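Engineer: Can you read through this structure? Questions will come right after.
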Amino acid sequence: MRTVFRSSLRLVAIGVAIGLGGGLAFAKLLAVALIGIKPLDFVAFASTSALMASVAALAIWVPARRAARVDPMVTLRHE
């Protein structure tokens, strides 16, 4: 379970980094649509990244925990 969680979180970290880079690159272009915040608002970028990473971690953890509870012999018997 730990291996699956760790490798999946690595992909989440890469996705968050790409998203932050893209967000920073397009923030100046989208400045007109951003109402009430600055285009390069650190709190907005950090909170959005933390929220997305938390949701992704939960989406990884729930199925991994279920899979870890299944007896391997039962799974192999059904295949």
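Engineer: Just for the stretch 37-57: of the residues that are in a helix (DSSP H, G or I) and open to solvent by 80 Å² or more (accessible area, probe 1.4 Å), which one is nearest to R69 (Cα to Cα)?
Structural biologist: Step one: filter the stretch 37-57 for residues in a helix (DSSP H, G or I), giving 42-57.
Adding the requirement that they be open to solvent by 80 Å² or more (accessible area, probe 1.4 Å) leaves 42-43, 51-52, 55.
Working: F42: 40, V43: 39, L51: 27, M52: 26, V55: 22 Å.
Per the stated criteria, the residue is V55.
Engineer: Name the single residue that is farthest from A17 (Cα to Cα) among those in the stretch 64-77 being in a helix (DSSP H, G or I) and open to solvent by 70 Å² or more (accessible area, probe 1.4 Å).
Structural biologist: Initial filter on the stretch 64-77 (in a helix (DSSP H, G or I)): 64-69, 72-77.
Still in the running and open to solvent by 70 Å² or more (accessible area, probe 1.4 Å): 65-66, 69, 72-73, 76-77.
Values: R65: 26, R66: 29, R69: 32, P72: 36, M73: 40, L76: 38, R77: 41 Å.
For the stretch 64-77, the residue satisfying everything is R77.
Engineer: Tell me, which residue of the stretch 11-36 that is among the β-branched types (V, I, T) and modelled with pLDDT under 85 is surrounded by the fewest Cβ atoms within 10 Å (Cβ to Cβ)? Don't jump to the end; show me each part of the working.
Structural biologist: If we filter the stretch 11-36 for residues that are among the β-branched types (V, I, T), which is where we start, we get 12, 14, 16, 18, 32, 35.
Narrowing further to those that are modelled with pLDDT under 85: 32, 35.
Working: V32: 7, I35: 5.
By that ranking, first place goes to I35.
The values are calculated or read from the model by the stated rules, or taken from the named source; none is laboratory data. The shown structure was predicted, so the numbers you read here are calculated from the model rather than taken from an experiment. Virtual Cβ from ideal backbone geometry, glycine too; neighbours counted across all protein chains shown. For the accessible areas, the whole protein counts, side chains as well, though only heavy atoms, and no ligand, DNA or RNA atoms are used. Shrake-Rupley method; radii C 1.70, N 1.55, O 1.52, S 1.80 Å.
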